[in-house]
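The values are calculated or read from the model by the stated rules, or taken from the named source; none is laboratory data. Because the structure is a prediction, the values reported are computed rather than measured. Quick reminder, even Gly has a Cβ in these numbers, built from the backbone with ideal geometry, and neighbours come from all protein chains shown.
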Amino acid sequence: MSGSEQRSRRKFWTAGGLRPRDLPLLRAALADELPPPNDHPSSLVILCGLPGTGKSHFARELVARAPFVWLNSDRTRKLLVARPCYSRREHRRVFAAMHVLTRGYLRDGHSVVFDATNLNEGVRAPLYASAEAVGVAPLIIRFTASAGLVWKRMEDRASGVGEATQSDAGWEVYTRMAIADQPVPRPHLLVRGPDDANRVLEETLRRTIGPGLYGHHHAAP
């Protein structure tokens, strides 16, 4: 590790509450599903949107079709914290770890899909910096959905009917976070609901992997 990377990591430990065991633990948890390094340029796909808008379903479909490392904030939190309390300190720790992992995987030749709410430019800024550091143009995808659809998804999730997820977010969390949701000023793709998802998935694959180079990849976690 270079001196600059060591200084950067110490900064994350101080400002973000990242602990020395966090990165080895997360890398070990991801090791079995880590695809081989790309034989094409790496990509960073940044998903953003409120809970229940379809981000994790999209990420699951993407990693099943192409060799991406899937970094999910809910899963990362539960790997690091036995009993999450969703405090600001815990949030900083989780995202500091995810940002360090993102830059590391990109440097190692992997593509990354970063699956979190990422509701404003301030929280997306570290991802832009990571992409710039390795010479990657990030692909941003914003997810929206009607309140009625989000409510139904959360009700299905709570009753065990919906798709398996690690998210604990319910309607109260959704309404609280909605206040912080801001438009994406940079060029991005938009998923307004289920009807857009397949089209945007195909466009994402075309832009990141290339025409005709993707298909079934591996089972998502």
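Among the residues of the stretch 108-122, those that are buried (at least 17 other Cβ atoms within 10 Å of the Cβ), outside any strand (DSSP E or B) and at negative phi comprise His110, Ala116, Thr117, Leu119.
Taken over the stretch 80-109, the criterion of being of a type in the set (A, V, I, L, M, F, W, C) and free of Cβ contacts under 8 Å to residues at least 24 places away in the same chain is satisfied by Val81, Ala82, Cys85, Val94.
For the stretch 26-43, check the following and say yes or no: at least one residue is touching a strand residue (DSSP E or B) at 6+ places or on another chain (Cβ under 6 Å) and at pLDDT 95 or above. Within the stretch 26-43, one or more residues are touching a strand residue (DSSP E or B) at 6+ places or on another chain (Cβ under 6 Å) and at pLDDT 95 or above. Kindly indicate whether any position in the stretch 128-139 is of a type in the set (Val, Ile, Thr) and in contact with an Asp or Glu (Cβ under 9 Å, 6 or more places away or on another chain). Scanning the stretch 128-139 turns up no residue that is of a type in the set (Val, Ile, Thr) and in contact with an Asp or Glu (Cβ under 9 Å, 6 or more places away or on another chain). Within the stretch 25-37, residues that are under 15 Å from Arg107 (Cα atoms) and outside any loop (DSSP other than H, G, I, E, B) sit with their Cβ atoms under 8 Å from residues that are modelled with pLDDT of 90 or more and of a type in the set (A, V, I, L, M, F, W, C), at 6+ positions apart or across chains, in these pairs: Arg27/Leu101. Does Pro187 count as modelled with pLDDT of 90 or more, surrounded by fewer than 16 Cβ atoms within 10 Å (Cβ to Cβ) and under 18 Å from Phe114 (Cβ atoms)? Criteria met by Pro187. Selection of the stretch 174-208 for residues being part of a helix (DSSP H, G or I) and without any contact (Cβ under 8 Å) to a residue 40 or more places away in the chain yields Thr175, Arg176, Asp195, Asp196, Asn198, Arg199, Glu202, Glu203, Arg206. Scanning the stretch 132-149 for any residue that is part of a helix (DSSP H, G or I) and crowded, with 19+ Cβ neighbours inside 10 Å turns up nothing.
Among the residues in the stretch 103-126, are any charged (D, E, K, R) and touching a Gly at 6+ places or on another chain (Cβ under 9 Å)? No.
Considering the stretch 141-169, and only residues there that are at pLDDT 75 or above and charged (D, E, K, R), the residue that is farthest from Arg199 (Cα to Cα) turns out to be Asp168. Might you let me know whether the stretch 79-102 holds any residue that is outside any helix (DSSP H, G or I), modelled with pLDDT of 95 or more, buried (at least 21 other Cβ atoms within 10 Å of the Cβ) and in contact with a strand residue (DSSP E or B) (Cβ under 7 Å, 6 or more places away or on another chain)? No, that holds for no residue.
Figure legend. Inter-residue proximity from the stretch 136-151: first residues aromatic (Phe, Trp, Tyr), second residues part of a helix (DSSP H, G or I), beta-carbon distance below 7 Å, spacing 6+ or different chains. Indicated pairs: Phe143/Lys55; Trp151/Trp171.
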